[in-house]
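Peer 1: Next up is a structure, given as C-alpha cells.
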Amino acid sequence: MSASLTRLQVFHFRHRLDRPIPTTMGLMTGRPALLLRIEDAEGASGWGEVWCNFPPDGDLHRARLAANVLPAALTGLTGNLDKKPFEVVQTRLHRLAIQAGEPGPVAQLAAGVDIALHDLAARRADVPLAVLLGGQARHVPAYASGISPAVFQDQFARMRSLGYRRFKQRIGFGPDDGLGEVETAASGLAPYEKLMVDANQAWDLPTALQRAERLAPLGVGWLEEPLPADAPDADWHALAKATDIPLAGGENLRGDDAFYAAIDLGALSVLQPDICKWGGLSGCFAVASRARERGLIYCPHFLGGGVGLMASAHMLSAVGGPGLLEVDSSENPLLDLFSGRGLSLSDGLFPLIGGPGLGYDPDISAAADMLVSEQELRLEA
Ligand SMILES: [Mg+2]
C-alpha cells in the first residue's frame, strides 16, 4: 500500500560564477540546481532534480513553473510506481506544454518528479534506488567532464587528484575550435588515461568531417554531439562512416521515438540520455536497456547538482554495462554539496552511498547562501 502525497517542496539554488564558462551556446554565468522534495501522508519522502542549465535564467522560469503547475499535476498520485510518474505528469501537462510551446521544460519537471517518487518508493521499500530499479547497487566507473579549453590544465590536475583517469574536454568554440588544447591534453595523458571530446552540436557536416580527421590520431574515446541533435540522418550516417572515432549523443533527444530512432540509425556508439531532462528514471531505464540490447554503451548524461548525479549513479548501476558516470569538473559547489559524499573516486570507482533510496538526504542548509527560493506546496489526495 502507498500513502497519498501531501507535500511538495521546490528548492532553487544558484551559484554565481566569477569567471563565466564558455560553451558553444554562449557563456554560462551561473550554476543552478532545482531540487524537488515530495512527502507522503506517512512521512516518507524522496528527492528529485530538474534539469535547468540553459538558457541563462531558465532556472528561474522552471522554479516558478514547478510551483505553478506541479501541485495539480500530482493530485491523487502516490509512491506506487505501477504507473510511470514521468508519463502521468507529462500526460497531465500535455496540453499546457503544447500551448506554451514548452515541451522541454514540462518534460524536465516530469523527470524531476519521476526521480523523487522512485527515491520515495525505494526508501519505503528499504532498498537502494538501484535495487528498486531491478539492478544491483555497485560502485560505478566515472569520468571527469566539462573540461574547458581555457583552464584545462587546472581541471585535469584537480580531477586527477580526486582519482579520475578519464576526462572529457569541450571543443567547438574559440580559437581553432579548441583543438590545439585537445592535442596538448592528449599528449599529456598517462598510458592508463583516456580523453573524450564534446562539441555540443557545434558543426555542420563538412566541418565535422574535417575536425574528426584531425582528432583521429589522438585516440579520443568518443566524439560527442559533433552535429546538431536534429541534423539529417544522412549527415550522421556520413560522419559515422567516415571516422573510426565512436560517436556519442542523446542529451538533446526527447521522447521514446527519438531515442529508438537514434538507436536504430546506427550512427551512435554511446547513448547519453539525461534522467533530469527527459524520462526520469522510468523513461530512461527503458531507453538505456534498449540501447544495451542493441550493443550501444549507455552513459548517463548529467549536468546539475548532486541529487541528479547520485540518481544517475544508481541508474547506471542498475542498467549495467561498461558505461561511465559523467561527473562535471567545472566550478559548481552545488554538485559537491548535494552529492552526500563529494566527487572523489574510491579505488577508481564512484561509490554509491549505502542505505535506502539515494542513501542520504541532501544538506540543504549547507547551501543557504546559494538559495534563490524555497516553496512549500500542499498536495491533494
Ligand atoms: Mg555533452
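Peer 1: Here's a check for you: in the range 148-196, which residue that is closer than 26 Å to Leu227 by Cβ and among the aromatic types (Phe, Trp, Tyr) is farthest from the ligand (Cβ to nearest atom)?
Peer 2: Per the criteria, the residue is Phe152.
Peer 1: Still on this structure: Within the range 130-151, how many residues are part of a loop (DSSP other than H, G, I, E, B) and either buried (at least 20 other Cβ atoms within 10 Å of the Cβ) or in contact with a Lys or Arg (Cβ under 7 Å, 6 or more places away or on another chain) (or both)? Full working, then the answer.
Peer 2: Our first condition is that a residue be part of a loop (DSSP other than H, G, I, E, B); within the range 130-151, this holds for 133-139, 141, 148.
From what's left, either buried (at least 20 other Cβ atoms within 10 Å of the Cβ) or in contact with a Lys or Arg (Cβ under 7 Å, 6 or more places away or on another chain) (or both): 133, 137, 148.
The number of residues fulfilling the criteria is 3.
Peer 1: Name the residues in the range 152-175 that are charged (D, E, K, R) and either out of contact with any Lys or Arg (no Cβ under 6 Å at 6 or more places or on another chain) or not assigned by TED's automatic domain parsing to the domain that holds Leu189 (or both), would you?
Peer 2: Listed by number, the residues that qualify are Asp154, Arg158, Arg160, Arg165, Lys168, Arg170.
Peer 1: Continuing with this model, one more query. Can you name the residue in the range 302-313 that is surrounded by 24 or more Cβ atoms within 10 Å (Cβ to Cβ) and within 14 Å of the ligand (Cβ to nearest atom) and, of all such residues, is nearest to Gly280 (Cα to Cα)?
Peer 2: Ser312
Peer 1: In addition: I'm trying to understand the selection: among the residues of the range 262-315, which are among the β-branched types (Val, Ile, Thr) and more than 24 Å from Ala66 (Cβ to Cβ)?
Peer 2: Residues satisfying the conditions are Ile263, Val270, Ile297.
Peer 1: Next question, about the same structure. Which residues, counting only those in the range 240-259, are buried (at least 22 other Cβ atoms within 10 Å of the Cβ) and away from the ligand (no atom under 13 Å from the Cβ)?
Peer 2: Of everything in the range 240-259, those that are buried (at least 22 other Cβ atoms within 10 Å of the Cβ) and away from the ligand (no atom under 13 Å from the Cβ) turn out to be Ile245, Phe259.
Peer 1: Follow-up. Is it fair to say Asp230 is exposed (fewer than 15 other Cβ atoms within 10 Å of the Cβ), out of contact with any Phe, Trp or Tyr (no Cβ under 8 Å at 6 or more places or on another chain) and under 26 Å from Val113 (Cα atoms)?
Peer 2: no
Peer 1: Please specify each residue of the range 126-147 satisfying the condition of being within 16 Å of the ligand (Cβ to nearest atom) and not polar (S, T, N, Q).
Peer 2: Ala142, Tyr143, Ala144, Gly146, Ile147
Peer 1: Surrounded by 23 or more Cβ atoms within 10 Å (Cβ to Cβ), not charged (D, E, K, R) and not in a helix (DSSP H, G or I) - does that describe any residue in the range 105-127?
Peer 2: Looking through the range 105-127, none of the residues is surrounded by 23 or more Cβ atoms within 10 Å (Cβ to Cβ), not charged (D, E, K, R) and not in a helix (DSSP H, G or I).
Peer 1: Tell me whether the range 204-213 contains one or more residues that are surrounded by fewer than 16 Cβ atoms within 10 Å (Cβ to Cβ), modelled with pLDDT of 95 or more and either assigned to a loop (DSSP other than H, G, I, E, B) or within 16 Å of the ligand (Cβ to nearest atom) (or both).
Peer 2: Yes; the residues of the range 204-213 include at least one that is surrounded by fewer than 16 Cβ atoms within 10 Å (Cβ to Cβ), modelled with pLDDT of 95 or more and either assigned to a loop (DSSP other than H, G, I, E, B) or within 16 Å of the ligand (Cβ to nearest atom) (or both).
The values are calculated or read from the model by the stated rules, or taken from the named source; none is laboratory data. Just so you know, these numbers come straight off a predicted model, no measurement behind them. Using ideal geometry, Cβ is built from the backbone for each residue, glycine included, and neighbour counts are taken over all protein chains shown.
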